[in-house]
Amino acid sequence: MSSEEELKEFSLSKDQKLEEPVPKLESKSSESESESRGGGGVVIEDDDRPLLKSSDNSSSEKTLVTTNLSPIPPTHPSITAENIRELEKKFAAYVRKDVYGTMGRGELPLIEKFLLGIACVTIVPIRVIVGLVLLLFYYLICRLLTLRIIPNQEEDGQEDYAHMIGWRRIVIVQCGRFLSRAMLFNFGFYWINETNRSNSTGLEKLQTETEDKQQSQESERPGAIISNHVSYLDILYHMSSSFPSFVAKRSVAKLPLVGLISKCLGCVYVQRESKSSESKGVSGVVTERVLEAHQDNLAPMMMLFPEGTTTNGDYLLPFKTGAFLSKAPVLPVILRYPYQRFSPAWDTISGVRHVILLLCQFVNHIEVVRLPVYYPSEQEKEDPKLYASNVRKLMACEGNLVLSDIGLAEKRVYHAALNGNDSSPRVFHQKED
């Protein structure tokens, strides 16, 4: 099987007939098995594994390191155009396609350098100052409104203020949504193109009894928002739209300013999936939060990026099943960032370089497609992998995204290769029996 064939899967036709009253794509999982490859390997430590469970059809998964694949040049200057083309085929989901090139280090024409220089001394300082003021202002709001309030404390060290009720919670949420939108405006996202797809899109006319069933389902609240992950800007958009809770690294809770804001959002703090029998683990906490949001209109909605990492925006990686274990309905949302010069996608570019180039671009664009709430069938409720697979295929079809079978481990390999790190292993996923 060629590298291109490994990175692509078929997309479902939009006019395919579905038997369920809402988008149902298949009754059996059609996820293709990973191609087996030769070579010995060693198991990577748990820290390199995804935070939430993968949707691959296996009870567990090992990440192996192979040593018999084509070598990576030892130093960055020695990476040839042929090597780059080979890497881009294997890791297409992370390849930058804007004028700044791979890792944002491409050679720029003189006019582009001139425009960057002008922007760095004009709009960038203004945007930095305004951004810091907005962040500090919202931090002060959160600090004042949480004074003398005991945070909600759960197992595994979870701590948040998201379950506050009354006027304090209303002020935190409304100010958070407004200031998040103001931050996006400050970054050049002056307009947001939002599209809401109706429940009838791509579906046959339903019988009367099926319509009655769907109407009763539509009164239910989804437990989570499921979104593709393109950039850290995704978080600002979702905060401005629905102010949900996110899954974040435990270290975020200790960051200045951002730490308190994340607690007001009700973030679930994790490092990796806990294997202790005394701990619920990441998936357990997420499942409880999703069920709570589904059953209680006052509970904050969970916002989940089941891919586990960011892409260049043209691909959709395999979904982890942690978002689908609760059996609750979900709301799929697709984000796109159209561009002409600089792509806001955070793929292979460093954080500092990305922020600077983003601030240098006077106008940025974002397109949002909200799909109908996806209600799982009985078969999907019993099989989270099937549930995750069908939602993923629906999003790929509606968002014109290419299905990819690589993940976070491959992204790290690609980054290391671009930096000329010959000590970095080649990684692929091998399933256990």
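Structure above, values below:
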| item | result |
| --- | --- |
| Amide H contacts of Tyr315 (H built 1.01 Å from N, under 5 Å, at least 5 apart or other chain) | Val402 |
| Using a Förster distance of 51 Å, the FRET efficiency for Phe178-Asn419 (Cβ separation, nearest 0.05) | 0.80 |
| From phi via Karplus (6.51, -1.76, 1.60), per-residue ³J(HN,Hα) for region 173-190 in Hz, x at Gly/Pro | 5, 5, 5, x, 5, 5, 6, 5, 5, 5, 5, 4, 4, 4, 7, x, 8, 6 |
| For Ile366, distant residues with modelled amide H under 5 Å away | Asn193 |
| Calculated from backbone phi, Karplus (6.51, -1.76, 1.60) coupling profile of region 87-103 in Hz, x at Gly/Pro | 5, 5, 6, 6, 10, 4, 5, 10, 7, 7, 10, 8, 5, 8, x, 4, 6 |
| Cβ-Cβ FRET estimate between Asp296 and Arg412, R0 fixed at 35 Å, reported to 0.05 | 0.35 |
| Amide proton proximity set for Phe246, modelled H, under 5 Å, gap of 5+ | Cys267, Val268, Met303 |
| Mean Cβ neighbour count within 10 Å, used as a protection proxy, ranking 294-304, 401-411, 384-394, 103-113 highest first | 384-394, 401-411, 294-304, 103-113 |
| Cut-off 20 Å, label 7 Å out along Cα→Cβ of Val121, residues of region 343-370 by amide N | 356-362 |
| Contact order normalised by residue count of region 297-418, Cα under 8 Å, 6+ apart, percent | 37 |
| Karplus (6.51, -1.76, 1.60) ³J(HN,Hα), θ = phi - 60°, over region 405-416, in Hz, Gly and Pro reported as x | 10, 9, x, 5, 4, 5, 5, 5, 4, 4, 4, 5 |
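No value in this document is a laboratory result; all are computed from the given coordinates. Given the structure is predicted, the values throughout are model-derived calculations rather than measurements. With ideal geometry, Cβ positions are generated from the backbone for all residues, glycine too; neighbour counts draw on all protein chains shown.
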